[in-house]
Amino acid sequence: MTIVDAGTGNGIWALEIASEYMNSKVVGFDLRPPSEHQQGKPKNLHFYEADITKMWPLDSNSVDFVFQRNMGQNIQKDQWRHVFHEMFRVLKPGGTIELLEADLWHHNPGPVQKAFDEFYQSQCTENNLDFTFTETIIQKELESNGFEEIDHRTLDIPIGEWPQESELKQFGFINKEIQKASLRNRKGFYVSKWGITPEDYEIAVKEVLLEFDDYHGFSRFNCWIVKKPSN
């Protein structure tokens, strides 16, 4: 099989798949791909520099499986059609795509988190990104490009330790730590773009972290598995 990791990022998914399926050819491409010469890289794994919103450096009908995740903040709303067109082109008849994308907004937000989301939505509009692409774009564009057997599933992960069930409580703790790290890392973005002072930003972050538990906030992850027709 030939397996493609589109927008491979740090290449971890491609590395794990190549290590597990040694008889397959695994290709990862990104604008800034990992080094081709990294130590311990399986011989069946290759990284290339490429823009997934342009023509893919792959032959038509040459790929069995395409994987892509977390690209909703990188693909502009008028580029999705081309991305799916390229997936359709490179896939063999009967080939499969797996897409994983999280909603860009938080579910059950408190008032401060809602303000954060509304500001981020305005930034998406400014940068020609669709804030609600998981609901408005993906299904429609997959269908218009000719894909079949479209299976869309969602998974809701709590933010915080508000669930009663122990496993969900653990997932919620991890997700809250991820949210906290994201807010810390994006402080410069919000301070410069939103016009909020660093001190007020820190206060707002503390409020958001409390709201996750108070309002039972959660993240929604979406998975689409689709096929190119066999004939």
Which one, 184, 89, 81, has the greatest fluctuation when you compute a Gaussian network model over the chain with C-alpha springs under 10 angstrom? 184
Over 28 Å between alpha carbons, listed pairs 25/227; 41/193; 140/169; 140/180; 41/169: 41/193; 140/169; 140/180; 41/169
Taking Cα atoms only, helix 80-90 is inclined relative to the longest principal axis of the chain by an angle, in degrees rounded to 10, of 30
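Accessible area per residue, 1.4 Å probe, Å², for the range 44-90: what's the number? Before the final figure, lay out each step's value.
Values: 2330 Å² over 47 residues.
Per residue, the range 44-90 has an accessible area of 50 Å².
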Angle check, please: helix 198-214 long axis (alpha carbons) against the longest principal axis of the chain (alpha carbons), in degrees 0 to 90, nearest 10. 80
Name the residue, out of 23, 128, 175, whose mean-square fluctuation peaks in a Gaussian network model built on the chain with Cα pairs under 10 Å. 23
With all protein chains present, the chain has a carbon and sulfur share of its accessible area (1.4 Å probe) in percent of 50
Of all DSSP beta bridges with both partners in the chain, the antiparallel percent, nearest 5, is 45
In straight Cα distance, which lysines are under 22 Å from residue 187, not counting same-chain residues fewer than 8 positions off? 114, 176, 206
Any idea how far the Cα center of the range 47-100 sits from the one of the range 1-18, in Å? 13
Helix 166-185 axis, angle to the chain major axis (alpha carbon atoms, nearest 10°): 80
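With a 1.4 Å probe and all protein chains left in place, how much accessible area per residue does the range 175-231 have, in Å²? Intermediate values should be presented prior to the final figure.
Values: 3250 Å² over 57 residues.
Heavy-atom accessible area per residue stands at 57 Å².
The values are calculated or read from the model by the stated rules, or taken from the named source; none is laboratory data. Remember, it's a predicted structure, so these values are computed and weren't measured experimentally. The accessibility values were calculated without ligands, DNA or RNA, using every heavy atom of the protein model including side chains. Shrake-Rupley method; radii C 1.70, N 1.55, O 1.52, S 1.80 Å.
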